[in-house]
Amino acid sequence: MNKLTTINTGDVKTLVFAKATYYPNSVRVFIPNYPYLRLKDGFEDSNKKSLGRIDVNDEYETNEERSIRRTRKTIKDYVLCNNFDLFCTFTIASDRYNNDRSIRRLKTWFKNQRNRNGKFRYIVVTEKHKDGALHFHALIGGYTGKLKYAINPKNSEYISDKRGDFIRNFVEYKLGNNTAKVINGKESRTKTAYYLQKYIGKDLTALFGKNRYWASKGLNKPETQDNPEPFYKQVQTPLHWVIDHGTILEFEYGLNPVTDSFIEAHRI
């Protein structure tokens, strides 16, 4: 851009009346109580102050609350847009109260597994135990390393969960205890996302950013669209929520041809 060119602020910001987020099998529409400004790509950092960018959540949230909300949303987006077949838990036995070291060791294990067994998908969430030590929950997909059925050391019987499904262990995990449960077809992606989201809480205030969770590279993300065509005004849905700063509508695939066409058009 020529240095002498005058930038019209109307060319770099958009007034948002609704925002659609497209998942493989649903679309979510956020309608704010009041329209808000969003800067176009390339102008956010350098012009945020001069253009008076409005964040619709600023007046309702602290920095900590905003960080937690965004982390939970990111996790849900990953789960809804990618396939995972194992729900896992990992603990660290040695020096277990050294949080930074525990995180580094588990990250190294995932890296080594990728190098030994090929690429696989994962999202790992950190949780603080009551005694202060960290343990980790993960969703894993496409893992080709060895698993074995977990055995109860007291009676040498296979361990199963409340549904009667057998628990697995990772053969190559030597850092502490671990469990792996197979995600079956009865569990929706939304429910699976909730399993992971619930561990993101205020007890992890010190773990801002990537240490609250980390994920493999290349995971699919949902497409978002400011001011979509108003299909959401034509179709009623029982899935709607009124929150402090607006309304959320969610439309599932397979219930209405109008919303189905929009979901199909934006599928990854």
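The values are calculated or read from the model by the stated rules, or taken from the named source; none is laboratory data. Bear in mind the structure is a predicted one, so any value in this text is a computation, not a measurement. Every residue, glycine as well, gets a Cβ built from its backbone with ideal geometry; the counts of neighbours run over all protein chains shown.
When you go through 76, 146, 128, 162 one by one, which is the residue that is at pLDDT 95 or above and of a type in the set (Lys, Arg)?
Among 76, 146, 128, 162, only 146 is at pLDDT 95 or above and of a type in the set (Lys, Arg).
Go through (1) loosely packed, with under 13 Cβ neighbours inside 10 Å; (2) at pLDDT below 90 for residue 201 and report which single condition fails.
The single condition residue 201 does not satisfy is (1).
Tell me which residues, restricted to the range 174-188, are closer than 28 Å to residue 94 by Cβ and out of contact with any helix residue (DSSP H, G or I) (no Cβ under 7 Å at 6 or more places or on another chain).
Answer for the range 174-188, where residues must be closer than 28 Å to residue 94 by Cβ and out of contact with any helix residue (DSSP H, G or I) (no Cβ under 7 Å at 6 or more places or on another chain): 174, 176, 177, 178, 179, 180, 181.
How many residues does the range 206-233 contain that are part of a loop (DSSP other than H, G, I, E, B), surrounded by 12 or more Cβ atoms within 10 Å (Cβ to Cβ) and modelled with pLDDT under 70?
Count: 2.
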